[in-house]
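Visitor: Shown below is the structure under consideration.
The values are calculated or read from the model by the stated rules, or taken from the named source; none is laboratory data. Values in this document were obtained by computation on a predicted structure and should not be read as measured data. Methodologically, a virtual Cβ is constructed for each residue, glycine included, from the backbone with ideal geometry; neighbour enumeration extends over all protein chains shown. What goes into the accessible areas is simple: the full protein's heavy atoms, side chains included, and nothing from ligands, DNA or RNA. Shrake-Rupley method; radii C 1.70, N 1.55, O 1.52, S 1.80 Å.
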Amino acid sequence: MASEHYFSETPGSNFKPKQIQVTIDGRAVTVTTAGGIFSPDHIDQGTQILLQHLDEAPPSGNILDIGCGWGPIALSLAVRSPKATIWAVDVNERSLELTAANAAKLGLTNINTCKPEDVPKDLAFSAIWSNPPIRVGKDALHEILLTWLPRLSAGAEGYLVVQKNLGADSLHRWLEVELPEGFSTIRVETAKSFRVLRVKNRA
């Protein structure tokens, strides 16, 4: 299945799990991935750049990973912030299964994998981390971000990584306009054609 269809709810390709070697928060580990999800062969470059900011992750609270894939962001957050609860959210059932399996394999018990509609409606987040699914299209992406980013607690921050040639700068401008009053968006890094944006609830 082509990688651009990783946002399908039920991948059409056969489930053929495979093992890959990756580094999670400085630790070399083996994880399970498969086709029909985002970046099944490695930790993609954008996510690697985003994870260089892990020091900014809060030590506790509820942390959201939007579009978890096989789990590189959620797993890294779970290791870095063992007292936090990581909500690994994806519409892709295979992604959720793989993230849960990888968390269990690494002995991480602080990750909840679920579809977006299964996250408690009144839950606020102490942080949001995401390599958002740009290829779902602008309207769908905007809906996703306006669903989750306003749920940052007062003083909490969200970190997004977006490729420059896929609209990072226009998304930055859109966030500044469309997020509720009291939210700010700044660019904290540019690296290898990627932007890392930080959204903060200053309320």
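Visitor: Which is at pLDDT 95 or above and of a type in the set (K, R), of K16, K83?
Guide: K83
Visitor: Something else now. Tell me yes or no: at least one residue of region 28-36 is farther than 21 Å from G158 by Cα, surrounded by fewer than 18 Cβ atoms within 10 Å (Cβ to Cβ) and in contact with a helix residue (DSSP H, G or I) (Cβ under 6 Å, 6 or more places away or on another chain).
Guide: Checked region 28-36: at least one residue is farther than 21 Å from G158 by Cα, surrounded by fewer than 18 Cβ atoms within 10 Å (Cβ to Cβ) and in contact with a helix residue (DSSP H, G or I) (Cβ under 6 Å, 6 or more places away or on another chain).
Visitor: Can you name the residue in region 74-104 that is in contact (Cβ under 8 Å) with a residue 40 or more places away in the chain and open to solvent by 10 Å² or more (accessible area, probe 1.4 Å) and, of all such residues, is nearest to L145 (Cα to Cα)?
Guide: Only one residue tops the list, namely V91.
Visitor: Specify which of the listed residues (N92, N62) is modelled with pLDDT under 95 and not aliphatic (A, V, I, L, M).
Guide: Unique residue meeting the criteria: N92.
Visitor: Restricting attention to region 90-111, report how many residues are touching a strand residue (DSSP E or B) at 6+ places or on another chain (Cβ under 7 Å), closer than 21 Å to L50 by Cα and small (G, A, S).
Guide: 1
Visitor: Just the residues that are part of a loop (DSSP other than H, G, I, E, B) and closer than 20 Å to K18 by Cβ, please, taken from region 85-131.
Guide: D90, N92, L106
Visitor: Out of the residues in region 112-165 that are basic (K, R) and touching a strand residue (DSSP E or B) at 6+ places or on another chain (Cβ under 8 Å), state the one that is surrounded by the most Cβ atoms within 10 Å (Cβ to Cβ).
Guide: R151
Visitor: Can you confirm whether A154 is farther than 29 Å from T32 by Cα and assigned to a loop (DSSP other than H, G, I, E, B)?
Guide: Spelling it out, it is not the case that A154 is farther than 29 Å from T32 by Cα and assigned to a loop (DSSP other than H, G, I, E, B).
Visitor: Would you list the strands (runs of 3 or more DSSP E) that sit entirely within region 17-84 and hold 3 or more residues that are under 16 Å from I128 (Cβ atoms)?
Guide: Result: 60-66.
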